[in-house]
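Below is one structure, written out as structure tokens; the observations come after it.
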Amino acid sequence: MNKSRGIRGATTSKDNTKNSIIEATKELLEQMINSNFIDLEDISFAIFTTTKDLNAEFPALAARLLGWEDIALMCAHEIDVPGAQKLCIRILLTINTEKTQKELVNIYLRDAVNLKSRGITE
């Protein structure tokens, strides 16, 4: 039975330009899709967030350029936490799948590779 599951992804842009934001977002989306063997028909929606220093383009445009015509997309800014990763793009992809949450692969690229453990202390 299919269930709604979330896949997280994050990357960084080289700078605050349209091309850099689109390039980084496309790379992240493609890896999220390929690593989890996702069909576009199984995607419910995607939420894209950027840090405050990225505003030259909506990262969701990258999804449209990849053919995501009928998928609901939303963009927003992250909370501006002091010391947080700069030039960061995050994606929450919600899919319908028979896989368990543990079977799904979250993707962290470029300078965002340390985000999953940031703020967690032992």
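Could you identify the single residue in Thr11, Thr49 that is touching a helix residue (DSSP H, G or I) at 6+ places or on another chain (Cβ under 9 Å) and either among the charged types (D, E, K, R) or assigned to a strand (DSSP E or B) (or both)? First the steps, then the outcome.
Numbers: Thr49 fails: touching a helix residue (DSSP H, G or I) at 6+ places or on another chain (Cβ under 9 Å).
Every option except Thr11 fails the conditions.
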Q: State whether the residues of the stretch 24-36 include one that is surrounded by fewer than 16 Cβ atoms within 10 Å (Cβ to Cβ) and assigned to a strand (DSSP E or B).
A: no
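Per-residue answers, yes or no, for (1) exposed (fewer than 15 other Cβ atoms within 10 Å of the Cβ); (2) in contact with a Gly (Cβ under 9 Å, 6 or more places away or on another chain); (3) assigned to a strand (DSSP E or B); (4) not polar (S, T, N, Q):
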position	(1), (2), (3), (4)
Ala62	no, no, no, yes
Trp68	no, no, no, yes
Cys75	no, no, yes, yes
Pro82	yes, no, no, yes
Ile91	no, yes, yes, yes
Ile95	no, yes, yes, yes
Lys102	yes, no, no, yes
Asp111	no, no, no, yes
Asn114	yes, no, no, no
Q: Evaluate the following for Thr17: is it of a type in the set (Ser, Thr, Tyr) and buried (at least 19 other Cβ atoms within 10 Å of the Cβ)?
A: no
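The numbers here are math on the coordinates, done by the rules we state, and not lab data. Because the structure is predicted, anything quoted here is derived from the model rather than measured. Ideal geometry is used to build each Cβ from the backbone, glycine not excepted, and the neighbour counts take in all protein chains shown.
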